[in-house]
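Encoded as structure tokens, the structure appears first; notes follow it.
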Amino acid sequence: MRDIILLLCLFISISGCSFYAIDSKETSQDFYPPKKSLNDVKYLETVDQPYEEIGVVIVTTERRQSMEDVISKMKYEAAVLGGDVITELQTDATGTWKKIKAQKLLGNAYIRAKFSAKVLVLK
């Protein structure tokens, strides 16, 4: 009985973890070596120098996650693709970016949102 209670407590504690689904789509036929660090990938709202678009990164998560966390996940995936920059961040989230109140004890308390950004290589 004690083992079942411990297993149940473990399940409840890990079920509260954040949900992230990270994906990418390459749009270029060229190969770009992966970046060694997230610091090699920048987030820019506008790009004012020549570039080539090499892909799109997509992160699906709960709206309660901070934008810094979402951008960090995007930068990681862009680094795998070999990108220098992520830009043109778009989302299907509505309303303000904030925590929302839980609806039910065991219900889905948070709304999920999908974020996408273009991955660029600067020339």
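The values are calculated or read from the model by the stated rules, or taken from the named source; none is laboratory data. The structure presented is a predicted model; accordingly, all values stated were derived computationally and were not measured. Cβ placement follows ideal geometry from the backbone for every residue including glycine, while neighbour counts extend to all protein chains displayed.
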Scanning region 45-59 for residues that are within 16 Å of the chain's Cα centre (by Cα) and among the hydrophobic types (A, V, I, L, M, F, W, C), the one farthest from Ile71 (Cα to Cα) turns out to be Val56
request  = Kindly check whether there is at least one residue in region 43-55 that is more than 13 Å from Leu122 (Cα to Cα), without any contact (Cβ under 8 Å) to a residue 40 or more places away in the chain and surrounded by fewer than 17 Cβ atoms within 10 Å (Cβ to Cβ).
outcome  = no
Checked region 56-70 for anything surrounded by fewer than 19 Cβ atoms within 10 Å (Cβ to Cβ) and either in contact with a Phe, Trp or Tyr (Cβ under 8 Å, 6 or more places away or on another chain) or not in a helix (DSSP H, G or I) (or both); matches are Ile58, Thr60, Glu62, Arg63, Arg64, Ser66, Met67
Considering region 68-122, residues that are at pLDDT 90 or above and among the charged types (D, E, K, R), and then whichever is nearest to the chain's Cα centre (by Cα), we arrive at Lys73
Among residues of region 20-42 being out of contact with any strand residue (DSSP E or B) (no Cβ under 9 Å at 6 or more places or on another chain) and part of a loop (DSSP other than H, G, I, E, B), the residue surrounded by the most Cβ atoms within 10 Å (Cβ to Cβ) is Lys35
